[in-house]
Structure formats: structure tokens, C-alpha cells
């Protein structure tokens with residue numbers, strides 16, 4: 001350990017966690033792929049199946065993450081919820097802005113439903129990801 | 001003077017600078033008004049200002065601030081991060097939403113989103129570049145940024161962890177900086193087709 005790090009104190013080695021962070025990144029990639037697929041075809045009618053599949057997969061992975069989180073013992077939940085709360089506000093606003101744009105642009109029907117689902121998964125996934133990424137380094 | 005140099009950096013800082021939030025609120029309201037007004041100038045203004053700043057900040061942080069930060073001692077990095085990272089936490093999402101929301105409206109206005117339009121391929125390319133940047137920024141860079149700030153708040157921060165997270169931050173900032181070069185190429189192509 002260098003002199004600089006030594007001055008900052010001794011710390012316990014990092015704990016092992018389930019791959020919650022990796023799953024969150026996969027969710028992020030899936031919703032972005034689905035979003036780009038639909039957005040790149042608008043306003044023409046297009047098969048929504050690829051985007052529906054990616055959104056369903058993303059939703060399942062978010063649920064897996066919630067299950068993995070709920071089984072964590074001795075976790076810094078206070079920090080997790082603190083970060084998740086602020087992230088939900090910030091990224092909820094961002095998702096809301098994008099939803100507003102699609103409604104403003106008269107996107108309707110199944111395309112709007114799909115976009116709304118993508119944005120909802122996005123707005124839920126980011127707080128989980130940020131909250132976990134920070135809380136994993138904190139003392140319970 | 002000697003005391004100033006020896007004393008540890010203060011941990012009394014806000015992770016989310018609350019003073020900046022009203023400014024963010026004003027920008028977002030103005031963005032909604034610009035979109036609702038459907039005025040090309042207003043939409044173009046938000047896209048150019050947001051996109052220009054986003055690209056410039058990413059390039060500057062990736063290729064100028066990052067390498068300098070990487071060569072500083074850990075206490076110096078900590079001191080810099082305490083002042084720099086909270087601002088980035090508020091600034092970057094605001095610039096991103098300004099650019100994307102106005103950019104989509106601009107493309108719609110100019111009919112670039114129609115697959116028959118000659119600009120369409122470039123617009124899709126820009127979406128892909130932004131998508132990759134979003135995965136890197138939201139998946140790796142931003143969580144590392146926030147985790148560093150929480151670590152810095154502790155009475156005895158873990159220097160090793162901060163070093164590891166900062167390295168992650170610096171590498172990903174370099175990657176997003178490099179990807180902004182692709183954005184510059186795409187946007188200048190769209191503007192001159």
C-alpha cells in the first residue's frame with residue numbers, strides 16, 4: 001500500500017456480491033436497443049416484436065435483480081435508498097420528458113405503449129443500478 | 001500556509017449541489033416550452049447548445065482533465081473530485097436531455113426521421129453512438145462517480161477504492177470522449193448533406 005493510501009486508513013477487503021451491477025447494465029443495453037429499433041422506424045409501421053422481446057427480457061432481468069437484492073444480508077440499505085431516491089427523481093424526470101415528446105409527436109397505440117414500457121423499465125433500473133453500485137462499498 | 005498544505009481536504013460538501021437544481025428546473029421548463037411552441041429556432045438552440053456543451057465537456061474531461069487527474073496523488077485527486085464531480089452529476093444529465101429531446105424534435109421537423117430521407121441513416125447512426133455512450137456513462141461512469149463521492153464523505157476514505165473507481169471513471173470518460181468524435185463527424189455530415 002502506498003504512503004498516500006496508508007494515510008487514508010486500513011479497510012476491509014471488498015465483499016463478494018451477486019452480479020446485480022452486470023445485470024443492470026444488460027437491462028440498460030436491452031432497453032436502449034429496443035428504443036433505438038422503434039425510434040429508427042418511426043413514423044412508419046414496423047413489427048414491434050424485436051423491441052417487445054428486448055423489453056420483456058429487460059423486465060425479467062429487473063425482477064431478477066430485485067429478487068437478488070431482497071436476499072442480500074448485511075447491506076447498506078440506507079445508502080441504497082438514498083441514492084436510489086435521488087436517481088429515481090432525476091431519471092424519472094428524464095423518462096418523463098421523453099414520454100412527453102412521444103405523446104406530443106402523436107405516437108399512439110402499441111408503439112406508445114412499448115415506448116412507455118421501455119421508459120418505465122429504464123426509470124426503475126437506473127436507481128437500482130446506482131443505489132447498488134454505491135451501497136456495495138458502504139458499511140451496512 | 002504550512003498548516004493549509006498539511007490539513008486534509010474538508011468532507012463538508014454536497015453530493016448533489018442543491019443550489020444548481022433551480023437552474024436545472026428552469027432549463028427543463030424552457031425545453032418543454034421550446035418543444036411545445038414547435039419553433040424551429042428554439043428547438044435548434046437547445047440541440048446546438050446542449051450538444052455542443054455535452055461534446056465539449058466529454059472531450060475535455062476525457063482527454064485533458066482525465067490524464068491530468070490520473071497523474072495526481074490520491075489526496076489531490078480527492079480534493080479535485082469533491083469539487084468537480086458533484087457539478088458533473090447535475091450538469092451532464094441536463095445537457096443530455098436537452099440534446100436528445102431537442103434533437104429528436106429537430107429531426108422530426110426536418111423530416112430526417114423518415115426512412116426515405118437521405119439523412120435518415122446518419123440519424124440512426126447518431127442514435128447508436130448515443131446508445132453506446134449511454135450504456136458506458138450510465139452503466140459504469142456515473143455509478144463510479146457517485147460511489148467516489150460517497151467514499152469521500154467518510155471520515156476515513158478508502159484510498160485504494162477511490163483509486164480503483166477513479167481509474168474506471170477516467171477510462172470511461174476517455175471512451176465517451178473518443179465516441180464524441182464520431183458524434184462530431186455524424187452531425188457535420190447531417191448538416192452538410
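Every read-out reported here was derived from the displayed coordinates using simple, explicitly stated rules and does not represent laboratory data. A quick note: this is a predicted structure, and the numbers were derived from the prediction, not measured. All Cβ positions, glycine included, derive from the backbone under ideal geometry; neighbour counts span all protein chains shown.
Just checking the output field for B:14-24: average partner chain Cβ neighbours within 10 Å of each residue's Cβ?
Mean inter-chain Cβ contacts per residue within 10 Å come to 1.
For helix B:120-136, report the angle its Cα long axis makes with the longest principal axis of the Cα atoms of chain B; keep it between 0 and 90° and round to the nearest 10°.
Result, in degrees: 20.
Could you give the length gained on full extension between residue A:46 and residue A:103, defined as 0.36 nm per residue of separation minus the Cα-Cα distance, in nm?
The residue A:46-residue A:103 span can extend by a further 18.7 nm.
Name the most mobile residue of B:164, B:19, B:39, meaning the one with the largest mean-square fluctuation, in a Gaussian network model of chain B with Cα contacts below 10 Å.
B:19
I'd like to know how the protein assembly as shown sits against the 2.2 N^0.38 Å rule of thumb: what's its Cα Rg over that expected value?
Relative to the rule-of-thumb radius for its length, the protein assembly as shown sits at 1.04.
In Å³ and rounded to a whole number, note down the convex hull volume per residue for the Cα atoms of segment B:124-193.
64 Å³
Which percent of the Cα-Cα distances in segment A:19-135 go past 19 Å?
For segment A:19-135, the share of Cα pairs beyond 19 Å comes to 47 percent.
Post the alpha-carbon centroid distance, segment A:66-140 to segment B:28-104, in whole angstrom.
Going from one Cα centre to the other spans 21 Å.
Scattering from the C-alpha atoms of segment A:79-118 alone, worked out with Debye: what is log10 I(q)/I(0) at q = 0.33 1/Å?
Taken in order of the listed q values, log10 I(q)/I(0) reads -1.02.
Let me know the mean shielding of A:98-105 by other chains, meaning the per-residue number of their Cβ atoms within 10 Å of its Cβ.
4
Sort largest first and round to whole Å: the equivalent ellipsoid semi-axes of segment B:83-161, each the square root of five times a Cα gyration tensor eigenvalue.
For segment B:83-161, the ellipsoid semi-axes come out as 37, 13, 6 Å.
Using only helices, what value at 222 nm comes out for chain A when you add -39,500 (n - 2.57) per DSSP H run of length 4 or more and divide by the total residues, to the nearest 500 deg cm²/dmol?
Using -39500 (n - 2.57) per qualifying helix, the result is -25500 deg cm²/dmol.
Across chain B, how large is the tail of the calculated P(r) beyond 27 Å, expressed as a percent of all Cα pairs?
So the portion of pairs separated by more than 27 Å is 38 percent.
Restricting things to alpha carbons, find the Rg to Rh ratio for segment B:9-97 using the Kirkwood radius for Rh.
So for segment B:9-97, dividing Rg by the Kirkwood Rh gives 1.08.
Measuring from a point 7 Å past the Cα of residue B:154 along Cα-to-C-beta, which residues in segment B:78-92 have an amide N at less than 17 Å?
From segment B:78-92, the list is B:78-79, B:82.
Cut-off 18 Å, label point 7 angstrom out along Cα-to-Cβ of residue B:167: give me the residues of segment B:46-79 whose amide nitrogen falls inside.
Output list for this probe position: B:66-78.
What residue among A:56, A:30, A:42 has the largest mean-square fluctuation in a Gaussian network model of chain A, using Cα springs under 10 Å?
Evaluated over chain A, the most mobile residue of the options is A:42.
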